[in-house]
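Below is one structure, written out as structure tokens; the observations come after it.
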Amino acid sequence: MAAPDPHAEIVSHHDKVLIVDFGSQVTQLIARRVREAGVYCEIAPFQAAAKAFAALAPKAVILSGGPCSVTDAGSPRAPEEIFTSGLPILSICYGQQTTAVQLGGAVEGGHAAEFGRADIEIVEPSALFDGVWETGKRYPVWMSHGDRVTRLPAGFTVKAVSENAPFAIASDEARRIFTTMFHPEVVHTPDGAKLISNFVHKVAGLRRDWTMAAFRGEAIKAIRDQVGPGRVLCGLSGGVDSSVAAVLLHEAIGDRLTCVFVDHGLMRMGEANEVVTLFRDHYNIPLVHVDASKAFLGELDGVADPEAKRKIIGRLFIETFEAEAKKIASDGKGAPEFLAQGTLYPDVIESVSFTGGPSVTIKSHHNVGGLPERMNMKLVEPLRELFKDEVRALGRELGLPEAFVGRHPFPGPGLAIRCPGGVTPEKLEILRKADAIYLDEIRKAGLYDTIWQAFAVLLPVRTVGVMGDGRTYDFVCALRAVTSVDGMTADFYPFDMNVLGRAATRIINEVKGINRVVYDVTSKPPGTIEWE
């Protein structure tokens, strides 16, 4: 008998939307908007869309934007069965263009392009923007196109126009096919989320049944069905993902879960103690705390290359986790058969992406490596249907303290990548103190939850300074704070200088080894990484 598929068990209860990905950098934002509207959705690359359409049995389909030109030979197309299914369809940018071509319209290049903010004028009412936009008025949207539709398929009418897009919105209302030249999924289209909500609820009639309360119960049942009477090991890092996964697993199977917390000595100040206290004392979850800091810092001694540091940390993590797993297997309670991982839905998307893309670069940079196949354990991935913000919502549903749920993201290699150059215990201690002061000032200013991520970096640079009556020759500390939705892009946070001033003054006065503080105002476009 085949093992139960926990993914299929969870999603089978919900109305579903399929998003066909043509390679847009913001396809994940479409999914986020659909999920925010309380509807479950999945993304499939266009090559696998026909298979996904048959397997998922969606009640609506969204076609994404993409970097290709519909006019090029061999450019991507949507499966024909989507158009013949009679299901509601929302086609965005490239999706609009391939919809037009596949249904008998025409697309041409060489016209004036539109990139960035544009205004559209509503010329006819439509179910897509019913209750949101009014005929005859103008509204801001975000455009990103070079080609444009020049002839609509039979049955389509124009609903909105812009200066360079005569078919900014065009639809066949009878067939429930809606197309937009702009991107409703991005925040730069202020009413875009309302349009997507209109599509899934008013047009497609889908239920608002994707909630974390519902997911919690479904996931617990799926875990119990998959694991049966078996034991599960969970690698606990103290971050949001692994913390939520651990509490969910414990609620499902109790003491048959054992968490292993490998302390590599690269955590933020007080973080290791917080993890142990919360999970061992508060939740009473079986937890093995391995202090491997001497081994990690010993092997990192003298290593400056960032990729070499990442590989050392990854290898040692695997070796340490594997050794602890063998000890647990010999405790007389039976060997653990399952390994729990904090895989999220963006990881699933990346694993089937048809292009490498910036997300793959970032993921490779931050991860410390997976566990070897020789461990021969079956995977339990209780969060694989969720985006990061949904994991936080689930954490709150499970009662995790806000200090854990709302914690800023922390990379797997820890402070090693925030200490460019060689890593030493002394430099790490300087960095921890500076980082703690910086975050303390951010919290005092009431900005912690407004900022997506903030941290200090100890630069491999020393400068001459004068403090009191003496000269100093100490490190430069850089402070970074960014706003972001998903970490793929980010912009620096525009601090009030008084906040930065207080943080800098405290760091210089209270942290021996730093005599200069700078603030990083670098934005992070797709494909860039943190500090290495």
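Of note:
- So Ala214, is it surrounded by fewer than 18 Cβ atoms within 10 Å (Cβ to Cβ), of a type in the set (A, V, I, L, M, F, W, C), touching a residue at least 40 places away in the same chain (Cβ under 8 Å) and more than 28 Å from Val107 (Cα to Cα): yes
- With respect to the conditions (1) closer than 19 Å to Gly414 by Cα; (2) modelled with pLDDT under 90; (3) of a type outside the set (Lys, Arg), Val485 falls short on a single one, namely (1).
- Selection of the stretch 288-312 for residues being closer than 30 Å to Asp255 by Cα and among the acidic types (Asp, Glu) yields only Asp291.
- Hey, Ala170 modelled with pLDDT under 90 and surrounded by 23 or more Cβ atoms within 10 Å (Cβ to Cβ) or not: no
- Selection of the stretch 19-49 for residues being assigned to a loop (DSSP other than H, G, I, E, B), on the phi < 0 side of the Ramachandran plot and over 14 Å from the mean Cα position of the chain (by Cα) yields Phe22, Ser24, Ala37, Val39.
- From the options Gly192, Gly235, Gly239, residue that is in contact with a Cys (Cβ under 9 Å, 6 or more places away or on another chain) and under 29 Å from Ser484 (Cα atoms): Gly235
- Of all the listed residues (Pro420, Pro409), the sole one being over 29 Å from Ile10 (Cβ atoms), open to solvent by less than 40 Å² (accessible area, probe 1.4 Å) and part of a loop (DSSP other than H, G, I, E, B) is Pro420.
- Those residues of the stretch 235-258 which are assigned to a helix (DSSP H, G or I) and open to solvent by less than 30 Å² (accessible area, probe 1.4 Å), in sequence order: Val240, Ser242, Ser243, Val244, Ala245, Ala246, Val247, Leu248, Leu249, Ala252, Ile253, Gly254
- Being at negative phi, touching a residue at least 12 places away in the same chain (Cβ under 8 Å) and surrounded by 18 or more Cβ atoms within 10 Å (Cβ to Cβ) holds for only one residue in Leu297, Leu316, and it is Leu316.
- Qualifying residue in the stretch 390-397 (condition: among the hydrophobic types (A, V, I, L, M, F, W, C), at pLDDT 75 or above and more than 23 Å from Leu278 (Cβ to Cβ)): no
- The set of residues from the stretch 199-231 being closer than 30 Å to Ala174 by Cβ and among the β-branched types (Val, Ile, Thr) comprises Val200, Val203.
- Checklist (1) out of contact with any strand residue (DSSP E or B) (no Cβ under 7 Å at 6 or more places or on another chain); (2) surrounded by fewer than 17 Cβ atoms within 10 Å (Cβ to Cβ) applied to Thr71, failing item: (1)
- For the stretch 440-482, filtered to residues that are more than 38 Å from the chain's Cα centre (by Cα) and assigned to a strand (DSSP E or B), the residue that is surrounded by the most Cβ atoms within 10 Å (Cβ to Cβ) is Thr472.
- Residue-level check: of (1) outside any loop (DSSP other than H, G, I, E, B); (2) surrounded by fewer than 22 Cβ atoms within 10 Å (Cβ to Cβ); (3) in contact with a helix residue (DSSP H, G or I) (Cβ under 7 Å, 6 or more places away or on another chain); (4) in contact (Cβ under 8 Å) with a residue 24 or more places away in the chain, Ile285 misses just (1).
- Counted residues, the stretch 491-521 - those being under 28 Å from the mean Cα position of the chain (by Cα) and either under 20 Å from Tyr473 (Cα atoms) or among the aromatic types (Phe, Trp, Tyr) (or both): 4
The values are calculated or read from the model by the stated rules, or taken from the named source; none is laboratory data. Quantities reported herein were computed from a predicted structural model and do not represent experimental measurements. We place every Cβ from the backbone using ideal geometry, glycine too, and count neighbours over all the protein chains shown. Heavy atoms of the whole protein, side chains included, go into the accessibility calculation; ligands, DNA and RNA do not. Shrake-Rupley method; radii C 1.70, N 1.55, O 1.52, S 1.80 Å.
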